[in-house]
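Here the structure is laid out as structure tokens; the discussion comes afterwards.
No value in this document is a laboratory result; all are computed from the given coordinates. Since the structure is predicted, the reported quantities are computational estimates derived from the model, not experimental observations. Neighbour counts run over all protein chains shown; Cβ positions are idealised from the backbone, glycine included.
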Amino acid sequence: MILLLVTAILAYRGIRARAIISLWGVSLVATLLLFNYHVTSSLNLNF
Amino acid sequence: MTTTSPATSDASVEPTLGSYPIGNRLAFWGLVVFIAGYCVVLLSAFGIQFISHEFPCPLCMLQRYAMILATIPIVWIVAESLRGRLTRVTYLRSLGMSIVASVAGSIMSTRQILLHIASKTDPGYGSAVLGLHLYTWALITFQIVIVYCGASMMLNGQAIPEAPSSPKVQLLARAVLWLFLAVLVANVIAIIFLEGFSWVLPDNPTSYHLLHQF
């Protein structure tokens, strides 16, 4: 969450594009890893 | 005004920034409304959390993160536009980032919807708002963002955000940006109270862990 806040402040201040995109990418990966951590069971669904 | 050289045909000429003033202004205010909309969504989630005393589950928090991830690139576009430094590359890149975050958010919402659909006796997590649970609303907002950003990319030749020149009107857009940053700070404080000294939220939170740890 703090990573997201830092990224948002960088985006608002318009600091270097590379820094914004890198931090945003790291935040996205961290969010997906958290998602992977919290998804612990398969669902009993047939498609 | 689009300029053409004798060597190029009309069909191949790309409009320059600011070629369509009305479209540019609409694109700018559309993105300000985008940020304001997600501020309302995140504040509503806070309302349910604090007024109805419903604690957000880990998947709910992850969907909030995805909403924030989808909004940050839009904040970048609006801020750069207010400075008069917005380029087409930054504009298209940011819309792409927003789409990627929305797809990630859609996956999380869909997972939570399926989780509660799987059991016929499961009433769903939390209370419903206008007949739908918050994670279903979240999925709808992510789909709207994907469609909006995709349409903006299609129309980028006709409309690229351009901030109004009046400082008073610019202040309105800046206020929305500050509101978003304030909502983000509030979320940081809320997650610290929810998680306490743990790295992750419990699967079914029932209290603010930090208060118990003290």
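Computed across the range B:152-214, the Kirkwood hydrodynamic radius from all distinct Cα-Cα pairs reaches 15.3 Å.
Using the Cβ-Cβ distance between residue B:203 and residue A:22 with R0 = 45 Å, the FRET efficiency computed as 1/(1 + (r/R0)^6) comes to roughly 0.90.
By how many degrees, 0 to 90 and rounded to 10, does the Cα axis of helix B:88-117 deviate from the longest principal axis of chain B? That works out to roughly 30 degrees.
Taken about its Cα centre, the protein assembly as shown carries a charge dipole of about 540 debye when Lys and Arg each add +1 at the Cβ and Asp and Glu each add -1 at the Cβ.
Given the -39500 (n - 2.57) contribution per DSSP H run of 4+ residues, what per-residue ellipticity at 222 nm results for chain B, rounded to the nearest 500 deg cm²/dmol?
Values: 6 runs with 141 residues, N = 214.
Here the helix-only value at 222 nm equals -23000 deg cm²/dmol.
The modelled label-to-label distance between residue B:40 and residue B:193, using points 7 Å beyond Cα along the C-beta direction, is 2.5 nm. Placing unit charges on the Cβ atoms of the charged side chains and taking the dipole of the range B:20-213 about its Cα centre, the candidate lying farthest along the positive direction among B:115, B:126, B:166 is B:166.
Across the range B:20-213, Cα pairs under 8 Å and at least six residues apart give a relative contact order of 33 percent.
Can you tell me how much longer the chain between residue B:168 and residue B:54 gets when fully stretched, taken as 0.36 nm per residue apart minus their C-alpha distance, in nm with one decimal? It would help to have the intermediate numbers written out before the result.
Values: separation 114, 0.36 × 114 = 41.04 nm, distance 3.93 nm.
My answer for the length gained is 37.1 nm.
Dipole of chain B computed with +1 at Lys/Arg Cβ and -1 at Asp/Glu Cβ about the Cα centre; of B:57, B:146, B:32, farthest Cα towards the positive end is B:32. Quick one: if the Förster radius is 45 Å, what FRET efficiency do residue A:30 and residue B:132 give, using the C-beta to C-beta distance and rounding to 0.05? E(calc), rounded to 0.05, equals 0.95.
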